[in-house]
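Here the structure comes first, spelled out in structure tokens, and everything after it is commentary.
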Amino acid sequence: MIPARSGGSPFGRGASPPALAGRRAVLVSPEKTQPGRPLRVLAAFENAGANVRVVLRGAAGDAKPLALKRGGGPPFWVAAEFAAAPAGTFRVILAEGRDEAVVGPSSGLLDVSRGWSWASEALYSAWIEALFADADERSSWPALHDVTRDRGRNLLHDHLGAGEDDPSGPNSLEMTPDCADNPFFLRAYFAWKLGLPFGFHETGWGTLESAPKAGRLIMAGTRRPGSPANIVPAMGRFLNQVKNVIHAGNGRTALRADDTDYYPLPLTRRALKPGTVFADPYGHTYTLVRWIGQTRQAPGLLLGADAQPDGTVAVKRFWKGNFLFTTAEVVGEPGFKAFRPIVVDGGRPRQLANREIAASPDYGDFSLEQEKMASNAFYAAMEKLINPDPLDAKAAFEDLFRALHEQLLVRVDSVAKGEAYVTAHPGAVIPMPSGPSVFQSLGSWEDYSTPNRDLRLLIAIDTIAEFPDKVARDPAAFDMGRRAPDEIRRELRALADKWAASMTITYKGSDGSSRTRTLAEIFRRKDAFEMGYNPNDSIEIRWGAPAGSAELATARRHAPASQLAKMKALQPWFHKRLRPAV
């Protein structure tokens with residue numbers, strides 16, 4: 001053992017412990033390697049692995065990878081791509097400086113026989129981050145399978161050798177989850193590839209008085225290595241079962257409950273790793289995919305992936321405009337959560353209880369920190385994680401504008417899809433649910449209405465409007481020194497006017513003409529967005545065209561009077577920026 005130096009790290013001042021000195025986990029893909037065929041190695045580490053090298057050592061010597069990818073922190077990871085597996089017996093070697101470690105069953109190679117563990121969780125996190133490694137807020141795909149079929153992203157592409165990720169093959173797995181399904185599809189896919197146990201609960205919707213409760217646990221049959229190719233259609237059928245059973249209630253079960261799909265986490269960088277799930281109080285769900293560190297030039301970012309009812313998968317940043325959090329007047333308990341580990345005891349899979357997770361050396365991250373947490377405390381804690389150093393106020397403010405702009409660009413596509421659907425069905429009226437069910441429904445209303453998106457949009461606009469006052473209250477947190485609050489407000493509001501006038505969105509009106517609107521115009525129309533979510537209204541109405549304007553003159557449809565009355569009854573909730581409980 002290296003003796004610790006007084007007051008510092010045993011590895012020297014400011015130094016990090018070597019990656020090979022801590023826990024590590026390694027998997028080799030494909031499951032059945034073949035001499036002369038491409039091979040990948042994914043290694044995850046508890047400690048930073050920026051200097052780790054991966055080689056294959058065979059009778060002919062060492063084979064070096066064509067490419068290395070790195071990421072994480074924590075867990076840290078490196079992925080190595082080799083052009084061809086060596087002939088005969090070979091070993092995977094991890095090297096760091098002069099140190100080498102041979103990968104084997106007792107020295108890092110993943111063992112799935114006992115179910116989920118630190119090793120499988122670290123590799124899952126690394127796989128998720130690699131899947132979205134270069135993604136940003138403009139990244140989207142028509143379906144989840146368009147992500148997994150991309151060999152450049154998916155480190156487990158064709159891991160089973162059954163053509164499961166070949167888009168032109170007969171066995172290609174299709175995956176089109178919605179937002180609640182998406183984390184389950186990702187987790188199930190990874191578990192299926194590696195032979196890990198996976199399950200989910202039939203869960204109720206809950207009420208204001210009682211959080212959703214989990215019922216029967218449905219377990220997938222654990223795939224054994226070397227299973228035949230017919231496992232691909234079997235997996236497709238299982239994912240359909242997931243899709244039919246999972247809903248938003250699965251993410252909002254009580255934090256203290258044991259028999260649930262998720263358990264709650266502390267708000268720490270180590271706990272909130274890629275693969276973590278965020279369940280908001282109103283039914284939307286994200287999977288964290290990537291952290292981007294703060295620099296002197298730009299604020300840090302935390303990115304998550306979500307899915308829409310039409311199957312679209314997209315990347316969004318963490319901020320109030322996307323990740324909503326409140327514990328007041330909501331059904332269930334929202335927040336950041338992790339999948340409850342499933343271990344294998346005596347040959348049978350079982351889920352760990354909260355107390356077991358808290359005591360486990362593999363986990364130890366069960367936490368009730370988010371229980372009844374105030375929204376402002378939640379966002380303050382997250383801001384500190386994403387940007388641990390004082391922010392440059394101007395850069396942070398501009399970043400908020402860019403986030404809002406991205407949100408509006410996504411809304412352009414969503415509203416256009418609703419317009420195209422209704423235009424293609426002349427005379428048809430999409431039925432509108434009553435009361436708070438407008439936020440949580442099925443069918444065409446879920447596909448083409450935008451109440452959840454528009455509520456987030458309104459919160460995003462409020463966040464921008466409040467920012468100058470926020471900085472003025474705490475200038476030191478934003479690197480604004482001792483400047484007077486009024487001076488800070490004036491400067492930031494002037495910048496807001498400049499950016500709002502220069503940033504634009506463009507939508508196509510009912511007559512097919514392009515309509516370009518500045519953010520300044522969007523801000524003036526924010527009250528209209530409180531009732532702009534109904535696809536039975538023309539697109540001009542949904543974009544808040546003012547009464548008597550030339551823009552509104554081309555509107556061809558209006559929602560029925562009965563639906564308008566329902567919307568007016570719900571408008572106070574939008575005005576308060578709250579969603580009534582379903």
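The values are calculated or read from the model by the stated rules, or taken from the named source; none is laboratory data. Keep in mind that this is a model prediction, so the values were computed, not measured. For neighbour counting, all protein chains shown are included, and Cβ atoms are generated from backbone atoms with ideal geometry for every residue, glycine included.
Brief remarks follow.
- Options PHE439, PHE467: the member that is farther than 30 Å from ILE246 by Cβ, touching a residue at least 60 places away in the same chain (Cβ under 8 Å) and either charged (D, E, K, R) or surrounded by 17 or more Cβ atoms within 10 Å (Cβ to Cβ) (or both): PHE467
- Residues satisfying the stated conditions in the range 529-561, i.e. touching a residue at least 40 places away in the same chain (Cβ under 8 Å) and over 26 Å from ASP462 (Cβ atoms): ASN536, SER538, THR554, ALA555, ARG556, ARG557, PRO560
Here is a yes/no grid of residues against (1) at pLDDT 90 or above; (2) touching a strand residue (DSSP E or B) at 6+ places or on another chain (Cβ under 9 Å); (3) surrounded by fewer than 15 Cβ atoms within 10 Å (Cβ to Cβ); (4) assigned by TED's automatic domain parsing to the domain that holds THR295:
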site: HIS425; (1), (2), (3), (4): yes, no, yes, no
site: ILE430; (1), (2), (3), (4): yes, no, no, no
site: ASP454; (1), (2), (3), (4): yes, no, no, no
site: ALA460; (1), (2), (3), (4): yes, no, no, no
site: ARG482; (1), (2), (3), (4): no, no, yes, no
site: GLU487; (1), (2), (3), (4): yes, no, yes, no
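- All positions within the range 493-519 that are assigned to a loop (DSSP other than H, G, I, E, B) and without any contact (Cβ under 8 Å) to a residue 40 or more places away in the chain: GLY512
- The criterion of at least 2 residues that are more than 19 Å from ALA133 (Cα to Cα) is met, among strands (runs of 3 or more DSSP E) falling completely within the range 17-70, by 24-29, 52-58, 61-63.
- Among (1) buried (at least 19 other Cβ atoms within 10 Å of the Cβ); (2) at pLDDT below 95; (3) within 25 Å of SER549 (Cβ to Cβ) - the single one TRP499 does not satisfy: (2)
- Residues that are of a type outside the set (Lys, Arg), under 18 Å from LEU265 (Cβ atoms) and over 19 Å from the mean Cα position of the chain (by Cα) are absent from the range 381-393 altogether.
Each row is one residue, and each column tells you yes or no for (1) part of a helix (DSSP H, G or I); (2) among the acidic types (Asp, Glu); (3) in contact with a helix residue (DSSP H, G or I) (Cβ under 7 Å, 6 or more places away or on another chain); (4) in the same structural domain as LEU196 (by TED's automatic domain parsing).
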| position | (1), (2), (3), (4) |
| --- | --- |
| ALA79 | no, no, yes, no |
| GLY88 | no, no, no, no |
| LEU94 | no, no, yes, no |
| ASP111 | no, yes, no, no |
| LEU123 | yes, no, no, yes |
| ALA126 | yes, no, no, yes |
| ALA130 | yes, no, no, yes |
| ARG153 | no, no, yes, yes |
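- Some residue of the range 316-327 being out of contact with any helix residue (DSSP H, G or I) (no Cβ under 9 Å at 6 or more places or on another chain) and either in a strand (DSSP E or B) or outside the structural domain of ILE218 (by TED's automatic domain parsing) (or both): no
- With respect to the conditions (1) in the same structural domain as PHE529 (by TED's automatic domain parsing); (2) surrounded by fewer than 16 Cβ atoms within 10 Å (Cβ to Cβ); (3) at pLDDT 90 or above, GLU419 lacks only one, and its number is (2).
- Only residues that are modelled with pLDDT of 95 or more and surrounded by fewer than 15 Cβ atoms within 10 Å (Cβ to Cβ) were counted across the range 385-399, and they come to 0.
- Lone qualifier among GLY199, GLY163 - being touching a Pro at 6+ places or on another chain (Cβ under 9 Å), at pLDDT 95 or above and assigned by TED's automatic domain parsing to the domain that holds VAL315: GLY199
- Residue count for the range 301-351, restricted to those that are more than 30 Å from ASP462 (Cβ to Cβ) and either within 20 Å of the chain's Cα centre (by Cα) or buried (at least 22 other Cβ atoms within 10 Å of the Cβ) (or both): 6
- Within the range 471-490, being of a type outside the set (A, V, I, L, M) and either assigned to a loop (DSSP other than H, G, I, E, B) or in contact (Cβ under 8 Å) with a residue 12 or more places away in the chain (or both) holds for ARG473, ASP474, PRO475, PHE478, ASP479, GLY481, ARG482, ARG483, PRO485, ASP486, ARG489.
- Matching option when the condition is crowded, with 23+ Cβ neighbours inside 10 Å and in contact (Cβ under 8 Å) with a residue 40 or more places away in the chain, among ALA143, ALA135, ALA122: ALA122
- Yes/no for ARG138 being among the basic types (Lys, Arg) and within 30 Å of ARG348 (Cβ to Cβ): no
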